[in-house]
1. For the full complex of protein chains and a 1.4 angstrom probe, list L188, L18 by accessible area with the highest value first.
2. Any idea what the dipole of the range 146-263 comes to, in debye rounded to 20, about its Cα centre with Lys/Arg Cβ at +1 and Asp/Glu Cβ at -1?
3. Greater than 22 Å separation of Cα atoms is the criterion. Which listed pairs, K80/K218; K102/K272; K115/K163; K115/K218; K115/K165; K163/K218, meet it?
4. The range 1-25 to the range 110-125: how many Å between their Cα centroids?
Amino acid sequence: MRGDEIIVAGASRHIEELTSVLETLIRMARGGHHLTEGDVVSVIRGDSQKSADAGSLDETTVYYSASRRNRVTPRSIRQKEYVDAIRDSDVVFAIGPAGTGKTYLAMAMALAALKNGDVEKIYVSRPVVEAGENLGFLPGDLKEKIDPYIRPIFDALTHMAGKEKVQRMIEADLLEIAPLAYMRGRTLNNAFAVLDEAQNSTVMQMKMFLTRLGVNSKAVITGDITQIDLDDPDRSGLVAVRDILDGVEGIRFVTFGEEDVVRHRLVKSIIKAFSAHGGRNAAGGRKRNSDTGPKADPSKPEGGDE
């Protein structure tokens, strides 16, 4: 860089590619967008071609609450792709690490759809699975028992719309938050359904949720396949569904990466470090199991009840 000029030297093909990247980033900055590392990586990968205009991120308002003066917009190109996918498709899967805005944007899109009259009700569900520790007996009625599991949903909704408005929506039956098991037998017409923490659903639970969709309904399924709390991670419905529904028309998969994290800058580094450590442990674990693990009994059938 020399003053306000950037001089690029190299092979003509590389110069053209880098010039395109820089022009896109400059256009985004001039549009008032605060560039993140995830934006830079996404533009380099060419993901900006999938979005209408990388410089229009701040112009894309997902949800606006006049009472709280809260304006929700995508903060990265991947988030813009996610928002566009929800608008264009009836079923969207968002898979990626924590802090990438999967749940927050899904709830913002649900609130916007309800506000615009596109749907009549919002359903939010989560598998009730403890994260690595047994909490034992929880006192109180059903609502008090499941509150700890669905609190993150309340937090996101309250941040966007305010506690009083969320409470009024629940009382008016415009918003329902319930454990995944309580969705069986339901038909969701004119609804926006969100399944959060879907990595902790089984294959049969995933099928049950997806087949609840009725007329004029949308479903967004979010989860992080690196944080599965099931006793057997291979039973995760979110892992299996990528192969089962791959290529089905009307269904979109949006995959977030470490570079898309929009929380504290250290969260990205923490996720990367745990991923690297987990990979080494998995390799070591497989070797130890093959050397010293118990031998299978050929007289017993493989697999469990499912």
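The values are calculated or read from the model by the stated rules, or taken from the named source; none is laboratory data. Only a predicted model underlies this, so the values are computations on that prediction, with no experimental measurement involved. Virtual Cβ from ideal backbone geometry, glycine too; neighbours counted across all protein chains shown. For the accessible areas, the whole protein counts, side chains as well, though only heavy atoms, and no ligand, DNA or RNA atoms are used. Shrake-Rupley method; radii C 1.70, N 1.55, O 1.52, S 1.80 Å.
1. Details: L188 0, L18 75 Å².
Result of the area sort, largest leading: L18, L188.
2. Dipole of the range 146-263, to the nearest 20 debye: 560 debye.
3. From the list (K80/K218; K102/K272; K115/K163; K115/K218; K115/K165; K163/K218), the Cα-Cα distance tops 22 Å for K163/K218.
4. 44
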